[in-house]
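No lab work stands behind these numbers, since they all come straight from the coordinates. In this text the structure is predicted, and so the values were computed from the model without any measurement. Cβ sites come from the backbone with ideal geometry, for glycine too, and all protein chains shown count toward neighbours.
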Amino acid sequence: MKSRINQILSDIKRKKEELKDDLNIEYEKLKEKYWFSIKWRKIIFNSETKKVHKKQKKWIIEMFFNTKVRELLSVPFIYSMIFPAIFLDLIISIYHSIAFRLYKIPLVKRNDYIFYDRWQLSYLNIIQKINCHYCSYVNWLFWYAVEIAWRTERYWCPIKSSQKMKWWHEWQEYFADYGDSNWFKATTCQIQKDKDFKKVK
């Protein structure tokens, strides 16, 4: 029997799914509003829209003079983060590829989490496109890594926290309540016997 916490988490998840449908509808409306289509993950604007976008592009020299000194000083610190990010990507990908197959956990689809599309906007100059590409990679990489971590937690230590957290993930619906040793024992045995991880796909 589900605990009250699990029932609430289940209700939140259901409502989130309903809102996702509404959100998808709004994203579809963007295509009509801004005159673009998507084919094979490539964004295609109509010719008139492209012309408008190109006219609105900010020149690099103009952007440079409009940038605050403190923002320029932060650039080396921002871009130095690419090295730990690439290292994280490498390590988490190796772990994910090997361990998840050993655990029989469904692999996380990288393309569902890491996606580059901002560079296809004609109103961005080359510097802005590089910045956007970098932001897309690092931020979405973190979400990709977090999903891998969550699925690992679901497999090895499915126990809820003792208190309300600022953020929780959808797998916690399947976690044992904090302090419920019987549920934890049953849950752990069930997960590790469930080779297809069917309940969390």
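Side notes on the structure shown:
- Loop sites in region 73-126: trypsin sites (Lys or Arg not before Pro), DSSP, at most 15 other Cβ within 10 Å: K104, K109
- Cα gyration tensor category, rounded, prolate or oblate, for region 1-107 with a/c compared to 1.5: oblate
- Loop-resident trypsin sites (Lys or Arg not before Pro) (DSSP state other than H, G, I, E or B) in region 127-172 with no more than 14 further Cβ atoms inside 10 Å of their Cβ: K164, K166.
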